[in-house]
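Here's the structure, in structure tokens; my notes come after.
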Amino acid sequence: MVYQEQEHAPADPRRTAERDAFIDELVAGHRHQVLEIGCGIGEDGLAFVAAGINYVGVDGSADNVHRARARRLEAVVGTPDELPFAEETFDAAWAMDALEQVANTDLYGVLTEIMRVLKPGAPLAVGLHSGQDTEGHASETSRFLSLRSDEMVRNLFEPHGNIRSFTTWELADGSGHYQFLVVAKP
């Protein structure tokens, strides 16, 4: 799960809008702490902090964590299957693209671990590139990717909480669609 994030990759406007709506929801609900799974260099972290939300990022790349810290963000090296936090620490979690690097056979355990560090009722926002239920190493990056159909995503996430929203949109490059869902911890 270690990869370098592009520092100035063009932002998907729809994903940015979903992030901003999620931040508004957290502020309105007085949820003051968010954990970002796969924080990269902290692009989204800056938006959470600007909204007054206490932010902690976790990433498998020490270089990404170093670069996030250079931006004055709190970040630690770690993986979503072994989060270095106590139970029920966070009011919310944000995981964009990170969980598509987890095999379907491992996703149940990873989601259980993420839910462990969330407070009851806390929302987990997840973004994924969609697919035809295929797994393997992407030829252009050699990263492992698990691309899932909408039905597969629903089936994998439903055991972990209430899927409050699930939306998709076509990607600008024509490579498929993006899945964005919010799951609330029971």
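The values are calculated or read from the model by the stated rules, or taken from the named source; none is laboratory data. This is a predicted model, so every value here is computed, not measured. Please note: Cβ atoms are built from the backbone with ideal geometry, for glycine as well, and neighbour counts cover all protein chains shown. Surface areas here come from the heavy atoms of the whole protein model, side chains and all, with no ligands, DNA or RNA. Shrake-Rupley method; radii C 1.70, N 1.55, O 1.52, S 1.80 Å.
Within the range 76-105, restricting attention to residues that are in a helix (DSSP H, G or I) and within 21 Å of residue 178 (Cα to Cα), the residue that is most open to solvent (accessible area, probe 1.4 Å) is 104. Can you name every residue in the range 159-186 that is in a strand (DSSP E or B) and surrounded by fewer than 17 Cβ atoms within 10 Å (Cβ to Cβ)? Answer for the range 159-186, where residues must be in a strand (DSSP E or B) and surrounded by fewer than 17 Cβ atoms within 10 Å (Cβ to Cβ): 162, 163, 164, 165, 166, 167, 168, 169, 170, 177. Within the set 82, 87, 140, 135, the sole residue that is at pLDDT below 95, among the charged types (D, E, K, R) and touching a helix residue (DSSP H, G or I) at 6+ places or on another chain (Cβ under 8 Å) turns out to be 135. Taking the criterion of being free of Cβ contacts under 8 Å to residues at least 24 places away in the same chain and open to solvent by 10 Å² or more (accessible area, probe 1.4 Å), would at least one residue in the range 41-48 satisfy it? Within the range 41-48, not a single residue is free of Cβ contacts under 8 Å to residues at least 24 places away in the same chain and open to solvent by 10 Å² or more (accessible area, probe 1.4 Å). Taking the criterion of being within 20 Å of residue 87 (Cβ to Cβ) and either of a type in the set (Val, Ile, Thr) or without any contact (Cβ under 8 Å) to a residue 60 or more places away in the chain (or both), the residues of the range 25-35 that qualify are 32, 33, 34.
A residue that is of a type outside the set (A, V, I, L, M, F, W, C), at pLDDT 95 or above and touching a Pro at 6+ places or on another chain (Cβ under 9 Å) occurs somewhere in the range 117-132. Tallying residues that are closer than 23 Å to residue 24 by Cα and open to solvent by 60 Å² or more (accessible area, probe 1.4 Å) within the range 51-70 yields 1. The residues of the range 131-142 that are open to solvent by less than 20 Å² (accessible area, probe 1.4 Å) and touching a residue at least 12 places away in the same chain (Cβ under 8 Å) amount to a single one, 131. Return yes or no: is residue 127 open to solvent by 20 Å² or more (accessible area, probe 1.4 Å), closer than 24 Å to residue 146 by Cβ, within 15 Å of the chain's Cα centre (by Cα) and among the small types (Gly, Ala, Ser)? Here the answer is no, as residue 127 does not meet what is asked. The sole residue among 156, 145, 111, 73 that is within 14 Å of the chain's Cα centre (by Cα) and either open to solvent by less than 50 Å² (accessible area, probe 1.4 Å) or of a type in the set (Gly, Ala, Ser) (or both) is 111. Within the range 105-127, residues that are under 26 Å from residue 17 (Cα atoms) have Cβ atoms under 6 Å from residues that are charged (D, E, K, R) and open to solvent by less than 30 Å² (accessible area, probe 1.4 Å) in these pairs: 119/91; 122/91, counting only partners at least 6 apart in sequence or on another chain.
Residue count for the range 68-91 under the criterion of being within 10 Å of residue 114 (Cα to Cα) and among the aliphatic types (A, V, I, L, M): the result is 1.
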